[in-house]
Amino acid sequence: MASLFSDRPYHKTLVLFDVDGTLTPARRTASPEVIKILQEVRKKVVIGFVGGSDLAKISEQLAVDGKPVTENFDYAFAENGLTAYKSGKQLPSQSFISYLGNGRYKLLVNFCLHYIADLDIPIKRGTFIEFRNGMINVSPIGRNATIQERNDFEKFDLEYGIRKEFVRVLREKFAHYDLTFSIGGQISFDVFPKGWDKTYALRHVQDEGFEQIHFFGDKTYEGGNDHEIYIDSRTIGHSVSSPEDTINILTELFLS
Ligand code: M1P
């Protein structure tokens, strides 16, 4: 199947990227330098992204000249690969709600909303739970927070461990649901079935004949949302500190 990309010198090499902190600053758009290097690298290898966010948000961050993001990458994996595209065409996938069922889902959501209502934090905004195809995203401050409010919450959370404690309580209370609670960004955490972390995306490429799969991510430490795919034996992991770091490693590996 990799022959689809046989115009490229290393068509059996797939390079996957996390989005926030790896290709872009958190929740911001990619710089022209990052876009340019991706276009250069794509001439040599097959490229894809694996983001925790939903496709609409990743599109805002990575779209170029109004073209759909699913066309700028050979593989597009949003929500850890629960929304997946290859060469612009959507691939079949599963959903969080069909895994959990409405009854169990309602108990989880009700508990989270009560917990957030009782939280004494400096400010609250709107959209405390975002329902996505492959996961829910829970935010104590709310997803409508501005960039400044996000940054302030992140600092506050670092000091007071609001999300850590929330996740600890949920892990205990909903142990029988077999879910992963993953703190990947600044103001929220993702909730999805065990195994539906970023390694889920590898299911879509495992029979595609790739000889090497590189993965670039910034939250590669234990507990970070890039950890599982970074340490997976099927990938060659690269831990980066910023989009600039990603550019440097890509240049060294594929362009020099
Ligand atoms: O990609 C990392 C995370 O980005 C966002 O997190 P936050 O809004 O907390 O910064 C979310 O889209 C989250 O789902 C995602 O894992």
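Quick test for you: out of 125, 168, pick the one residue that is of a type in the set (Lys, Arg) and either assigned to a strand (DSSP E or B) or out of contact with any helix residue (DSSP H, G or I) (no Cβ under 8 Å at 6 or more places or on another chain) (or both). So that I can check it myself, show each step before the final result.
Values: 125 fails: either assigned to a strand (DSSP E or B) or out of contact with any helix residue (DSSP H, G or I) (no Cβ under 8 Å at 6 or more places or on another chain) (or both).
The unique qualifying residue is 168.
Among the residues of segment 130-152, count how many are of a type in the set (Ser, Thr, Tyr) and more than 10 Å from the ligand (Cβ to nearest atom).
Just the residues of segment 130-152 that are of a type in the set (Ser, Thr, Tyr), to begin with: 139, 146.
Still in the running and more than 10 Å from the ligand (Cβ to nearest atom): 146.
Residues in segment 130-152 being of a type in the set (Ser, Thr, Tyr) and more than 10 Å from the ligand (Cβ to nearest atom): 1 in total.
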(request) Only one of these is within 21 Å of residue 221 (Cα to Cα) and under 21 Å from the mean Cα position of the chain (by Cα): 146, 127, 180. Name it. (result) 180
(request) Can you tell me which residue among 144, 151 is in contact with a Ser or Thr (Cβ under 7 Å, 6 or more places away or on another chain), modelled with pLDDT of 95 or more and surrounded by fewer than 20 Cβ atoms within 10 Å (Cβ to Cβ)? (result) 144
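Please go through segment 217-250 and pick out each residue that is among the aliphatic types (A, V, I, L, M) and either surrounded by fewer than 18 Cβ atoms within 10 Å (Cβ to Cβ) or in contact with a Phe, Trp or Tyr (Cβ under 7 Å, 6 or more places away or on another chain) (or both).
To start, the set of residues in segment 217-250 that are among the aliphatic types (A, V, I, L, M) comprises 229, 231, 236, 240, 247, 249-250.
229, 231, 236, 240, 249 - these are the residues of segment 217-250 that are among the aliphatic types (A, V, I, L, M) and either surrounded by fewer than 18 Cβ atoms within 10 Å (Cβ to Cβ) or in contact with a Phe, Trp or Tyr (Cβ under 7 Å, 6 or more places away or on another chain) (or both).
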(request) Only residues that are within 15 Å of the ligand (Cβ to nearest atom) and not in a strand (DSSP E or B): list them for segment 171-204, please. (result) 183, 184, 185, 186, 187, 188, 196, 197, 198, 199, 200, 201
(message) Which residue is farthest from the ligand (Cβ to nearest atom), if the candidates are limited to segment 50-65 and must be within 20 Å of residue 186 (Cβ to Cβ) and not in a helix (DSSP H, G or I)?
(response) 50
(request) Output the number of residues of segment 205-218 satisfying the condition of being in a loop (DSSP other than H, G, I, E, B) and touching a helix residue (DSSP H, G or I) at 6+ places or on another chain (Cβ under 7 Å). (result) 3
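The values are calculated or read from the model by the stated rules, or taken from the named source; none is laboratory data. Everything quoted here is computed from the prediction, not taken from an experiment. Reconstructed Cβ throughout: ideal geometry from the backbone, glycine too, with neighbour counts over all protein chains shown.
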